[in-house]
Amino acid sequence: DIVLTQSPATMSVSPGERATLSCRASESININLAWFQQKPGQAPRLLIHGASTRATGVPDRFTGSGSGREFTLTIASLQSEDFAVYYCQQYNNWPPYTFGQGTKLEIK
Amino acid sequence: EVQLVESGGRVVQPGGSQRLSCSASGFSFGSYAMFWVRQAPGKGPEYISSISSSGGSEYYTDSVKGRFSISRDNSKNILYLQMNSLRPEDSAVYYCVKEEAISGLVIPFVSWGQGTLVTVSS
């Protein structure tokens, strides 16, 4: 199974600042990576697919990049609604589809 | 608008069984593969099973193989998950999830239901 390792586990950032979240795969997954945002009590929400394509309705302050084993989600100018947990997920080799353990983005 | 509504979650004793249902609307249900993803309290999501659009192919993660069974009724637009020999570690919110074809590429986990909670405890 492909293991996704996210870093950091928790990130404290002030509103208006930029946040950069990382996801590393145990082997190459090309660009078959998605990013999800999850708020308490809600289902995960797809933000990015194909490593860099924003899902419908996702603000352009969310940018995904990377290929192969290294991926990044950058959130420019953090808004209050962006503080949540973020997960990366691979769909290159399945089953199983696998998720990272998550990065919690909290207000500094 | 895609709507996925799960039901069937409850408190179950270890070793017991439970069937979850997911009622789908707002899209051509029989044209899409469907998935079950679970999330234990305080943990990340975990893929557990998927089924092809026709129901002819099923996939399971190792931890539920032989205990869980996925199925679908395309005439009723319902996805099922039959869970047998339940263990405390199966306690989680179970989500029904739909794939989507975007620009010719299939993206697996696009639309999610609100989830249904299964608690395995004596």
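The values are calculated or read from the model by the stated rules, or taken from the named source; none is laboratory data. Treat the numbers as computed from the prediction; the structure is a model and nothing was measured. Don't worry about glycine lacking a Cβ; one is built from the backbone with ideal geometry, like all the others, and counts go over all protein chains shown. Keep in mind that these areas ignore ligands, DNA and RNA; they rest on the heavy atoms of the full protein, side chains included. Shrake-Rupley method; radii C 1.70, N 1.55, O 1.52, S 1.80 Å.
Of note:
- Percent accessible area from carbon and sulfur atoms, region B:41-122, protein chains only, probe 1.4 Å: 48 percent
- A simple spin-label model places the labels of B:Ser63 and B:Gln82 2.3 nm from each other, with each point 7 Å out along Cα-to-Cβ.
- Accessible surface, per residue, of region A:13-57 when the full set of protein chains is kept, probe 1.4 Å, Å²: 47 Å²
- With a 1.4 angstrom probe, the accessible area lost at the B-A interface totals about 1400 Å².
- A:Thr5 versus B:Phe27: modelled label distance in nm, points set 7 Å from Cα along the beta carbon direction: 3.4 nm
- For the protein assembly as shown, Kirkwood radius (reciprocal of mean inverse C-alpha pair distance, Å): 18.1 Å
- When only Cα pairs below 8 angstrom with a gap of at least 6 residues are kept, chain B shows a relative contact order of 34 percent.
- Measuring between alpha carbons in the structure, the pairs from A:Lys39/B:Lys76; A:Lys39/B:Lys65; A:Lys39/A:Lys108 lying more than 20 angstrom apart are A:Lys39/B:Lys76; A:Lys39/B:Lys65.
- Nearest-20 debye value, the protein assembly as shown charge dipole, Cβ charges on Lys, Arg, Asp, Glu: 280 debye
- Descending by average beta-carbon neighbour count within 10 Å, the peptides A:78-88, A:2-12, A:44-54 line up as A:44-54, A:78-88, A:2-12, the highest first.
- For region B:6-122, dividing the convex hull volume of the Cα atoms by the residue count gives 101 Å³ per residue.
- Centre separation in Å (Cα based) which lies between region A:35-108 and region B:66-99: 25 Å
- Within 10 Å of the Cβ of each residue in B:60-72, the mean number of Cβ atoms contributed by other protein chains is 1.
- Per-pair calculated FRET efficiency, R0 = 22 Å: B:Glu89 and A:Thr53 via Cβ, rounded to 0.05: 0.05
- Entry comment: accessible area of chain B is 45 Å² per residue, from protein heavy atoms only and a probe of 1.4 Å.
- Distance distribution note for region A:1-91: the fraction of Cα pairs above 22 angstrom is 21%.
- For region B:95-120, residues shielded by at least 40 square angstrom of accessible area compared with the chain on its own, probe 1.4 Å: B:Ile107, B:Pro108, B:Phe109, B:Trp112
- Dipole magnitude of chain A about its Cα centre (Cβ charges: Lys, Arg +1; Asp, Glu -1), debye to nearest 20: 100 debye
- The modelled label-to-label distance for the pair A:Ser22/B:Ser54, using points 7 Å beyond Cα in the direction of Cβ, is 4.6 nm.
- Relative contact order (%) - chain A, alpha-carbon pairs under 8 angstrom, separation at least six: 39 percent
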